[in-house]
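Input: a single structure, listed below in structure tokens.
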Amino acid sequence: SNTFIKAIQQIAPTHCIMAFDSPGPTFRHVRYEKYKEGRPATPKEMAHQFGRVKELMGAFRVPVIEKPGFEADDIIGTLTTQAEQKSINTIVLTGDTDTLQLVSPHVQVLLFSGIQNQKIYDIDGVKERFGGLGPEYQIEIKAIKGDSSDNIPGLPGVGEKTAIKVLREYRNLEGIYDNLQKVT
């Protein structure tokens, strides 16, 4: 709630929507049964707060969107794509770095990890954080390094630095695959 209010004060948006994960499995669980396996359940104290946040959004007249079978990230991706098609500038407020793949000339991500720790990412910001690789590389970086929080396997022993290094050298997953003998 504090982060939302601070963002409203700083950004002064003309429109606002809040997306929530819906309970239950998503299409990702259907494709990969081990998706998010081993992730601890949401603490009851926190789950109770979601209802309060939704009440607050109602008081602010902010629409709340949830869709069974989809995560909030999917909803955010859909809405930012629709806004971009209409040349509407969008700022995504989130704590999830997965959304950096959405950054474009019309989309920025305000990434936060606490009320005092915030950074707005535009295309140049993403490139600066990922060794010159832009938003279009985010999926490939994750494919190589994996994501333990979502139980997505990557290449064993390969982290973000190595993923960036090989992508800078071989340009994409296909380039890496075509040069497996050279990749160290």
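The values are calculated or read from the model by the stated rules, or taken from the named source; none is laboratory data. Quick caveat, the model's predicted, so the values are computed rather than measured. Every residue, glycine as well, gets a Cβ built from its backbone with ideal geometry; the counts of neighbours run over all protein chains shown. With ligands, DNA and RNA removed, areas are computed over all heavy atoms of the protein, side chains included. Shrake-Rupley method; radii C 1.70, N 1.55, O 1.52, S 1.80 Å.
Here are the numbers for the structure shown:
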quantity: Sites matching GluC sites (Glu not before Pro) across region 1-53 that sit in DSSP coil, with at most 16 neighbouring C-beta atoms within 10 Å; calculated: Glu33, Glu37
quantity: Over 16 Å [Cα-Cα, region 81-184], rounded percent; calculated: 61
quantity: With at most 10 other Cβ atoms within 10 Å, longest stretch of the chain clear of loop trypsin sites (Lys or Arg not before Pro) (DSSP); calculated: 87-181
quantity: Rounded to 5, the percent of DSSP beta bridges in the chain classed as antiparallel; calculated: 45
quantity: Kyte-Doolittle mean at least 0.0, axial Cα span of 18 Å or more - DSSP H helices of the chain; calculated: none
quantity: Protein accessible area in the chain, 1.4 Å probe - carbon and sulfur %; calculated: 53
quantity: Extended-chain gain in nm, criterion 0.36 nm per residue less alpha-carbon gap, Leu56 and Lys44; calculated: 2.4 nm
quantity: Positive-end residue of Leu111, Leu155, Ala143, charge dipole of region 46-184 with Cβ unit charges; calculated: Leu111
quantity: For the chain, calculated [θ]222 nm from helices alone, where every DSSP H run of n ≥ 4 adds -39500 (n - 2.57); calculated: -12000 deg cm²/dmol
quantity: Electrostatic dipole magnitude of the chain [Cβ: Lys, Arg +1; Asp, Glu -1; Cα centre; debye, to 20]; calculated: 240
quantity: For the chain, the fraction of alpha-carbon pairs in successive 10 Å shells from zero, as %; calculated: 8, 30, 36, 20, 5, 1
quantity: Estimated FRET transfer efficiency (Lys36, Asn117; beta-carbon r; R0 30 Å; 0.05); calculated: 0.75
quantity: Extension gain, Thr162 back to Glu84 (0.36 nm per residue minus Cα-Cα distance, nm); calculated: 24.9 nm
quantity: Förster-model FRET efficiency, 35 Å R0, Tyr177 and Gln10, C-beta, rounded to 0.05; calculated: 0.20
quantity: Cross-link partners of Lys54 among lysines (Cα-Cα below 27 Å; sequence separation of 8 or more within a chain); calculated: Lys6, Lys36, Lys44, Lys67, Lys119
quantity: Region 34-184, accessible area per residue, ligands and nucleic acids excluded (1.4 Å, Å²); calculated: 64
